[in-house]
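See structure below.
The values are calculated or read from the model by the stated rules, or taken from the named source; none is laboratory data. Just so it is clear, the structure is predicted and the values come from calculations on it, not from any experiment. All Cβ positions, even for glycine, are placed from backbone atoms using ideal geometry, and neighbour counts span all protein chains on display. Remember, those area values only see protein heavy atoms, side chains included, never the ligands or the DNA or RNA. Shrake-Rupley method; radii C 1.70, N 1.55, O 1.52, S 1.80 Å.
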Amino acid sequence: MHLARRLPLPVLVAIVGVGALLGLLAYGVSSSGSGHTLDNALAQGRRPPAPAILLPRLNGGSPASLADYRGKVVVLNYWASWCVPCRQEAPLLERWQRRISGLGGSIIGVDVLDLTSDARAFIRKLHLTYPMLRDRDGHTQQRLGISGYPETVVLDRRGRIAALRRGPVDDPFLRRAVLPLLAESA
Amino acid sequence: MSRRLAALFVVLAVTGPAAPALAAGCPKTSLPEMENEVMCLVCGVPLALADAPQAQRERAFITRMIGHCRSKDEIKAELVAQYGPRVLALPKASGFRLAAYLVPGLTAVAAAAAIGLVAVRWSRRQRTRSREIVAPTPPPFDPVDTAQLEAELERYRQ
């Protein structure tokens, strides 16, 4: 109160202005998410819970939530039709879908920052049968700390993040990350 | 064969003049104009500055829309339907995005107010100083002069 009386008005206005700008900056930084936090948690052997994600299906119909897949091992693959490595890894993911779908697991594709028509053509061309969701503006990526394409997050049966692959997946990664989880109970 | 040619001639005669008329009716939307108003979402820069694969797809989509005679607003609406509102270079003036318009405006107003206040105070100070220069305090009277003056005044009082 005394300080406010002593300070001249322009200085007060400047302080309030700078404070507001700093607040905006802090909000921007905090809302941009941090992928490193997830990497660190996984490196320490922890399994952080996956964020609540609700996305529309690429082929229309009711939106799907990650919670719908609770009890299953989920391989959540972020891809886009314009991403060349995504095209290369997709057949492997399709093979793994056939391999794990009867064992309580599922590959789920999330098409990001893509044109619907291009994404559908991609799926048709590569004969992909696993469920596909659509994140048109990439907002769920931030929650998972995903920063590139493709990236894959593996969830255990309790909906916790158990593994993360930045870049295209390969057979050894899927064996290492998925097979032990299939043996776990929910 | 000649019938087919005749049919083709008839079709061209009917649609030929219509095509330029249709093109003339198209809204004047150009790719460079659109590129400055939408973003490449992967790169985080306006489309005009981007060359990423996603940007190329976006560009091809806009070109297709222009070819379909869509106006700038219609193309923007299509892009928002495909990529969400973040695709627009200028955000909508609602919710937190309103800050993009309010913060610069309020900052400018606050800066103008601060400059005005400083200017008013400075001019007041200058005025006070100038008064001080125009009307300096007179030096004290010399006691001898004072006594002499008093004596002369006494003479008049009598």
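What the table below lists for this structure:
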| item | result |
| --- | --- |
| Probe 1.4 Å, protein heavy atoms only - accessible area per residue of the protein assembly as shown in square angstrom | 62 Å² |
| Amide H contacts of B:CYS40 (H built 1.01 Å from N, under 5 Å, at least 5 apart or other chain) | B:VAL45, B:LEU47 |
| Global form of chain A, assessed from the alpha-carbon gyration tensor, a/c cut-off 1.5 | prolate |
| The protein assembly as shown, helix-only ellipticity at 222 nm - DSSP H runs n ≥ 4, -39,500 (n - 2.57), divided by all residues, nearest 500 | -17500 deg cm²/dmol |
| Extension gain from B:ARG129 to B:GLN158, taking 0.36 nm per residue of separation minus the Cα-Cα distance | 6.0 nm |
| Extension gain (nm, one decimal) between A:ARG160 and A:ARG176, 0.36 nm per residue minus Cα-Cα | 4.1 nm |
| Size of electric dipole in the protein assembly as shown: Cβ of Lys, Arg +1 and of Asp, Glu -1, about Cα centre, debye, nearest 20 | 1220 debye |
| Share, in percent, of DSSP beta bridges within the protein assembly as shown that are antiparallel, nearest 5 | 60 percent |
| Where labels lie 7 Å past Cα in the beta-carbon direction, separation of B:ASP73 and A:LYS125 in nm | 3.6 nm |
| Gaussian network model of chain A, springs between alpha carbon atoms under 10 Å - residue of A:SER117, A:SER147, A:SER65 with greatest fluctuation | A:SER117 |
| In degrees, nearest ten, helix A:9-31 long axis to first principal axis of chain A (Cα) | 10 degrees |
| Model label zone, A:ARG70; criterion: amide N under 11 Å from point 7 Å along Cα-to-beta-carbon; scope the range A:131-159 | A:158-159 |
| Furthest towards positive pole of dipole, A:GLY71, A:PHE173, A:GLY61, structure part chain A, Cβ charges | A:GLY71 |
| Pairwise FRET efficiency - A:LEU22 versus A:ASN59, Cβ, R0 = 35 Å, nearest 0.05 | 0.15 |
| The protein assembly as shown, accessible surface, carbon-and-sulfur percent (1.4 angstrom probe) | 62 percent |
| Cα centroid separation, the range A:39-64 to the range A:88-118 (Å) | 14 Å |
